[in-house]
Amino acid sequence: MSFQLETAAHPERLRRVAIDPVSRVEGHGKVTILLDNQNKVHQVRLHIVEFRGFEKFIQGRPYWEVPVMVQRLCGICPVSHHLAASKALDLVVGAKKLTPAAEKLRRLMHYGQMLQSHALHFFHLCSPDLLFGFDSDVTRRNIVGVAAAHPETAKRGVLLRKFGQEVIRVTAGKRVHGTGAVPGGVNKSLTIAERDELLKEIYHIVQWSREAVHLIQKVHMQDPGLYNSFGIFRSNFMSIVGNNGDLDFYHGSLRARDDNGTLIFDGVDYQQYAKYIEEEVRPWSYMKFPFFRALGREKGWYKVGPLARVQNCNQISTPFAEHERKEFVDYAGGSPMHAPLAYHWTRMIEMLHAAEVIKELLHDPDILSNDLMVHGERQMEGVGVIEAPRGTLFHHYQVDENDVVTMANLIVSTTNNNQAMNEAIRHVARRYLNGREVTEGLLNHIEVAIRAFDPCLSCATHALGKMPLEVELVDAEGGLVHALSRS
Amino acid sequence: MSQSFVLDGKGIPFEDGQTILQAAGNAGVFIPHLCFHPEFKPHGSCKLCTVKVNGRHTASCTMRAMPGMVVESNTEELNGERRALTQMLFVEGNHFCPSCEKSGNCQLQATAYHLGMMSPHFDHFFPNRAVDASHPEFLLDFNRCILCSLCVRASRDVDGKNVFALSGRGIKTHLIVNAKSGRLADTDFSLADKAASVCPVGVILRKRQGFAVPIGERRFDKAPIEASAKEA
């Protein structure tokens, strides 16, 4: 194993800087950095120290309970888990193809989630960094500061998210942790009144989403030196793509490209995911490291999420988002963009696409239909894959003849980005930490790099854009040299 | 119907043979209860319906109404005791409402809401209880049993089958299935049984039906449990 800066040759001779906990990540994570006496960086690791255990305690439970139970993995994007599990269990109940109403209602729920999650991440969590600067005044670098300096931007962030939550509420019954999808379909359609309430809002939601793309595009282009290089690393990337290679968050086949954009695999039925992806366990983190089997552990790791999806698809089916995608591709200059901060730009393109799809679906009469369920020949196993806000999400279940789950395997979006996030913070540490005193601004640079991926570790500590961080600089004898904390 | 007693300062008429709980229900006054069911002989075991009659604690589901009784029910003291009993029921089993398909239709959950239970308060027992999924149409999730014995009474007294029983003593009391194997599949339990539809919590469940009813249309989404007083 020879990932640069992953493992120092002689850690016992080095000083250790720990950022513990890194927050705005679901559960707990920490960053450790090992430095020598000249403050040269020798080792950087993002450790996920959370323990969840969902794969284990789903075992022994009836399968129809699973979509509702597993969504508790997350409070930000529970719909992703709810739908990925439902898709896997559709196959178990023999529902190979849902009714048009059921599929469209699930799509509506999912795109509503995409909208709210992307809005939350961009406006509430990242806009303070992007609008004020990474090491700007910490007392202002939060959503309250944004609300004071850019009240219209902050207000739109809140209202965009609220709209997405309303879409989820009318399709799932609750804004967070609803029950809309069941194996074989959904349990409710929209009433005319519910649809009309959303229709009143959707046109300015689309417009605001367009303006959000333009905002991040402007910010990015104003400082290309920073935005094109901060935390940069080159990697493979993967997502599902829909029919004709369209950007599709709900369903499709697996496609992967290398760092130059050349296809590694395409059109892969995700039921076969285990033939293409393997997960490695490393002793220093509870989060696994997935990689493409064909390329091996060292060359096969990849990134997922908006930056991967927008560059992996052939086109986007909705006009405004497709226009913005082309702008982005033009800016990238014909080869894939790998800069982590470009995640923000592509995330806003996706938010715009989600808003446009919601508009289309709200005009589709199928979402008022009561033809909601199908069943077929019972199967013992199913895999459900969905593009969650943060990337490709795999749910895989085996169910016995008594309807009880006997095996569950989940590869969550952030797990796919594990190596990628480590590489980004290593780049940032090398560039900004080397030989310097630990400052709050430095801490935020590391957070900015992690934040770009919007890791789905974030639900625990979304506190007005501030990660509660503790950093200690300890000398080779274990003595505290310098400590900084932010709560 | 000329007889009456006083419940929380209000006159409650009753007929001969009626219990305090029944008479209060007829008058639209809700007294929390879990093991009582209007179609079965009172059991008096959950103690949630405990009231004070002339200053003394008694189960209102078993105490016959008498003229001149002065009954206290909706008091801070009694509701506090009921809340503590409900909290004990929650911690003795594994009641995970967020992923329970009975959520919104569950009498225990609705009672907890009614009593303003904001936390389990006591340490969870986290008992290790496996589900019985052997029956083709029904699932038994023993994690949620509150030992109300309604299924025992329904199976014995209405269905004539004795499919269920309570076994063990004290804190070790638990619901069992009356078959050599202990499995529901090895009994003659069927969909038509009264016991199949009487469970107030999420133990006896029709398979493959979970979450079919959307949020907003479940029983206690429509009206809180206190609105069901007249069903007593």
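Taking the condition part of a loop (DSSP other than H, G, I, E, B), open to solvent by 10 Å² or more (accessible area, probe 1.4 Å), farther than 30 Å from B:GLU217 by Cβ and outside the structural domain of B:ILE215 (by TED's automatic domain parsing), does B:GLY17 pass? Break it down into steps so the answer makes sense when it comes.
Working: part of a loop (DSSP other than H, G, I, E, B): yes; open to solvent by 10 Å² or more (accessible area, probe 1.4 Å): yes; farther than 30 Å from B:GLU217 by Cβ: yes; outside the structural domain of B:ILE215 (by TED's automatic domain parsing): yes.
The answer is yes for B:GLY17.
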- Message: Can you tell me which of (1) over 30 Å from B:GLN209 (Cα atoms); (2) among the polar types (S, T, N, Q); (3) buried (at least 22 other Cβ atoms within 10 Å of the Cβ) is the one A:SER335 doesn't meet?
- Response: (3)
- Among the strands (runs of 3 or more DSSP E) confined wholly to the stretch B:163-217, which include 3 or more residues that are out of contact with any Asp or Glu (no Cβ under 9 Å at 6 or more places or on another chain)? B:164-167, B:174-177
- Taking A:GLY180 as the residue in question, decide whether it is within 14 Å of another protein chain (Cβ to nearest Cβ), of a type in the set (Gly, Ala, Ser) and within 21 Å of A:ILE76 (Cα to Cα). yes
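Can you tell me which residue in the stretch A:80-100 is surrounded by the fewest Cβ atoms within 10 Å (Cβ to Cβ), limited to those that are within 14 Å of chain B (Cβ to nearest Cβ) and assigned to a helix (DSSP H, G or I)? Write out each step before concluding.
In the first step, residues of the stretch A:80-100 are kept if they are within 14 Å of chain B (Cβ to nearest Cβ); the result is A:81-83, A:85-86, A:89-90, A:92-95.
From the residues that got through so far, the ones that are assigned to a helix (DSSP H, G or I) too are A:81-83, A:85-86, A:89-90, A:92.
Details: A:HIS81: 27, A:HIS82: 33, A:LEU83: 28, A:ALA85: 31, A:SER86: 30, A:LEU89: 25, A:ASP90: 28, A:VAL92: 23.
Only one residue tops the list, namely A:VAL92.
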- Message: The conditions are (1) within 14 Å of chain B (Cβ to nearest Cβ); (2) part of a helix (DSSP H, G or I); (3) in contact with an Asp or Glu (Cβ under 9 Å, 6 or more places away or on another chain), and A:SER189 fails exactly one of them. Which is it?
- Response: (2)
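Residues are listed down the side, and each one gets a yes or a no for (1) in a strand (DSSP E or B); (2) hydrophobic (A, V, I, L, M, F, W, C); (3) more than 14 Å from chain B (Cβ to nearest Cβ); (4) under 27 Å from A:VAL92 (Cα atoms):
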residue: A:ARG156; (1), (2), (3), (4): no, no, yes, no
residue: A:GLN207; (1), (2), (3), (4): no, no, yes, no
residue: A:ILE216; (1), (2), (3), (4): no, yes, yes, no
residue: A:PHE249; (1), (2), (3), (4): no, yes, yes, yes
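Confirm whether B:SER167 is touching a residue at least 12 places away in the same chain (Cβ under 8 Å), open to solvent by less than 50 Å² (accessible area, probe 1.4 Å) and over 30 Å from A:ASN370 (Cα atoms). Don't jump to the end; show me each part of the working.
Numbers: touching a residue at least 12 places away in the same chain (Cβ under 8 Å): no; open to solvent by less than 50 Å² (accessible area, probe 1.4 Å): yes; over 30 Å from A:ASN370 (Cα atoms): yes.
For B:SER167, the condition - touching a residue at least 12 places away in the same chain (Cβ under 8 Å), open to solvent by less than 50 Å² (accessible area, probe 1.4 Å) and over 30 Å from A:ASN370 (Cα atoms) - is not met.
Could you identify the single residue in A:GLY296, A:GLY245, A:GLY267 that is on the phi > 0 side of the Ramachandran plot, touching a Cys at 6+ places or on another chain (Cβ under 9 Å) and open to solvent by less than 60 Å² (accessible area, probe 1.4 Å)? Show your work before the answer.
Details: A:GLY296 fails: touching a Cys at 6+ places or on another chain (Cβ under 9 Å); A:GLY267 fails: touching a Cys at 6+ places or on another chain (Cβ under 9 Å).
The conditions single out A:GLY245.
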- Task: State which residue is surrounded by the most Cβ atoms within 10 Å (Cβ to Cβ) when the search covers only the stretch B:181-222 and only residues that are within 13 Å of chain A (Cβ to nearest Cβ) and among the acidic types (Asp, Glu).
- Result: B:ASP221
- Of all residues in the stretch B:44-69, which are open to solvent by less than 10 Å² (accessible area, probe 1.4 Å) and assigned to a loop (DSSP other than H, G, I, E, B)? B:LEU48, B:CYS49, B:SER60, B:CYS61, B:ALA65
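Yes or no, residue by residue, for (1) closer than 25 Å to A:GLN217 by Cα; (2) modelled with pLDDT of 95 or more; (3) not charged (D, E, K, R):
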{"residue": "A:TYR270", "(1), (2), (3)": "no, yes, yes"}
{"residue": "A:ALA308", "(1), (2), (3)": "yes, yes, yes"}
{"residue": "A:THR318", "(1), (2), (3)": "yes, yes, yes"}
{"residue": "A:ALA321", "(1), (2), (3)": "yes, yes, yes"}
{"residue": "A:HIS338", "(1), (2), (3)": "yes, yes, yes"}
{"residue": "A:MET348", "(1), (2), (3)": "yes, yes, yes"}
{"residue": "A:MET351", "(1), (2), (3)": "yes, yes, yes"}
{"residue": "A:GLU356", "(1), (2), (3)": "yes, yes, no"}
- Message: Looking at the stretch A:45-79 only, could you name the residues that are over 11 Å from A:HIS395 (Cβ atoms), hydrophobic (A, V, I, L, M, F, W, C) and within 12 Å of chain B (Cβ to nearest Cβ)?
- Response: A:PHE57, A:TRP64, A:VAL68, A:MET69
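Across the stretch B:83-101, what is the number of residues that are within 11 Å of chain A (Cβ to nearest Cβ) and not in a helix (DSSP H, G or I)?
Going residue by residue through the stretch B:83-101, those that are within 11 Å of chain A (Cβ to nearest Cβ) are B:94, B:96-101.
Filter once more, keeping what is not in a helix (DSSP H, G or I): B:94, B:96, B:100-101.
Selection size over the stretch B:83-101: 4.
The values are calculated or read from the model by the stated rules, or taken from the named source; none is laboratory data. Everything numeric in this text was worked out from a predicted model, so none of it was measured. For neighbour counting, all protein chains shown are included, and Cβ atoms are generated from backbone atoms with ideal geometry for every residue, glycine included. Side chains included, ligands, DNA and RNA excluded: accessible areas come from the protein's heavy atoms. Shrake-Rupley method; radii C 1.70, N 1.55, O 1.52, S 1.80 Å.
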